[in-house]
Amino acid sequence: MMDWTDRHCRVFHRLMTRHARLYTEMLTTGAIIHGDRKRLLGFDASEHPVALQLGGSDPQGLVTAAKIGEAFGYDEINLNVGCPSDRVKDGRFGACLMAEPALVAGCVDAMKRAVGIPVTVKCRIGIDDQDPEVALDALARSVVSAGADALIVHARKAWLNGLSPKENRDVPPLDYDRVYRLKASMPDVPIIINGGIAGLAEARQHLVHVDGVMLGRAAYQEPWRLLAADSELFGETARHTTMKDVFEAIMPYIEAQLAQGTRLHSITRHFVGAFHGVRGARAFRRHLAENGVKPGAGANVLRDAIALVEDRVVVPIAA
């Protein structure tokens with residue numbers, strides 16, 4: 001979710017669910033240690049619970065970044081061992097670390113000793129020619145022995161040789177049963193499943209077998225699916241019942257951000273799927289695309305875009 005789940009996206013998503021844990025985009029240890037920390041790590045208090053996802057393989061660098069994240073107030077540190085980005089092999093982070101479970105375990109151990117918040121790992125079931133039965137067990141048992149508090153498993157391989165990062169999101173076949181078998185073999189370890197899960201109906205099916213479900217593209221591209229998360233998964237009344245309610249609630253945040261110099265498009269770029277399937281959605285997207293990028297664009301641009309959408313409650317067929 002690099003370049004997707006920034007602070008503006010997370011504030012938007014939090015308005016749809018009180019309880020789902022939000023994750024930052026993956027940030028490398030080098031960026032955090034040497035970059036603009038306030039810009040990279042700053043977040044709104046409303047985002048809690050929120051996890052900081054790190055990319056790196058040097059234990060000391062990860063310790064430094066994890067301690068910085070803890071000081072900023074994050075609720076969890078997540079080490080990404082599943083990203084198939086073009087940069088991962090050169091930078092020795094992400095999915096290539098599936099081949100080095102001992103190194104990943106050392107990184108987890110170092111971070112656990114340094115911070116007081118949970119440290120988790122996100123991985124694939126394997127990479128390239130690895131046997132997922134062997135590779136996933138090796139990685140999981142190594143990091144759990146090192147103290148990892150939970151494991152998030154994207155239920156497909158990453159082919160670092162031969163497929164692009166985009167292809168790695170779709171081409172390798174999903175193997176949910178492999179994740180179920182991992183959970184069965186490690187009943188006391190929280191296992192969260194990820195990969196190709198389209199909505200809450202599918203999430204409920206997975207929760208029969210595992211402890212949690214992570215939504216990525218489904219939550220980003222069709223955020224309206226999150227409106228039912230609290231009622232369907234957490235047994236509480238939905239925070240807002242319609243996307244128009246969500247946008248009314250986010251207006252003060254947008255106006256405050258604009259006053260600080262943030263461009264409107266930096267926020268509204270996360271809204272393109274908000275009215276999927278509703279009459280006027282195309283006009284909404286077009287209005288934002290044409291006007292949200294203009295210098296000095298204000299919140300009125302978003303209000304005008306929302307007014308183009310049919311004013312009715314849409315009940316998703318299968319959230």
_From the mean inverse distance of alpha carbon pairs (Kirkwood) and the Cα radius of gyration, derive Rg over Rh for the chain._
0.97
*If you roll a 1.4 Å probe over the heavy atoms of the protein chains, what accessible area per residue do you get for the chain, in Å²?*
44
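Report the Stokes-Einstein translational diffusion coefficient (µm² s⁻¹, integer) for the stretch 38-88, Rh taken as the Kirkwood radius over Cα pairs, at 10 °C with viscosity 1.306 mPa s.
Details: Rh = 11.9 Å.
D = 134 µm²/s.
Send over the Kirkwood Rh of the stretch 1-111, from the inverse of the averaged 1/r over different Cα pairs, rounded to one decimal Å.
Working: mean 1/r = 0.0704 Å⁻¹.
Computed over Cα pairs of the stretch 1-111, the Kirkwood hydrodynamic radius comes out at 14.2 Å.
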*If you bin every alpha carbon distance in the stretch 220-308 into 10 Å steps from zero, what whole percent lands in each bin?*
17, 47, 28, 8, 0
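Over the chain, what percent of the accessible surface lies on carbon and sulfur atoms, probe 1.4 Å?
Details: 7210 of 14120 Å².
It is 51 percent, rounded to a whole number.
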*When the convex hull of the Cα atoms of the stretch 175-265 is projected onto a plane and the area is averaged over all directions, what value comes out in nm²?*
7.9
*asked:* What distance in nm lies between label points placed 7 Å from Cα along the C-beta direction at Glu167 and Ala249?
replied: 4.2
*Per-selection Kirkwood Rh - the stretch 76-185 (Cα, Å, 1 d.p.)*: 13.8
*Can you give me the three principal axis dimensions of the stretch 160-319 from its C-alpha atoms, in Å, biggest first?*
55, 43, 31
*asked:* Just to confirm my numbers, what's the Cα centroid distance between the stretch 250-284 and the stretch 286-309 in Å?
replied: 8
*Taking one equal scatterer on every alpha-carbon of the stretch 118-169, how large is log10 of I(q)/I(0) by Debye at q = 0.17, 0.19, 0.23, 0.32 1/Å?*
-0.54, -0.65, -0.84, -1.19
_Connecting C-alpha atoms closer than 10 Å in a GNM of the chain, tell me which of Val278, Val121, Val50 has the biggest fluctuation._
Val278
*Quick one: what does P(r) look like for the stretch 215-267 with 5 Å bins over all Cα pairs, in whole %?*
4, 17, 19, 21, 19, 12, 6, 1
*Counting pairs of alpha carbon atoms under 8 Å apart in space and at least six apart in sequence, what relative contact order in percent does the chain give?*
14
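The values are calculated or read from the model by the stated rules, or taken from the named source; none is laboratory data. What you see is a predicted model; the values in this text were computed from it and never measured. Here Cβ is always computed from backbone atoms with ideal geometry, including for glycine, and neighbour counts include all displayed protein chains. Note: accessible area is taken over every heavy atom of the protein model, side chains too, but ligands, DNA and RNA are not part of it. Shrake-Rupley method; radii C 1.70, N 1.55, O 1.52, S 1.80 Å.
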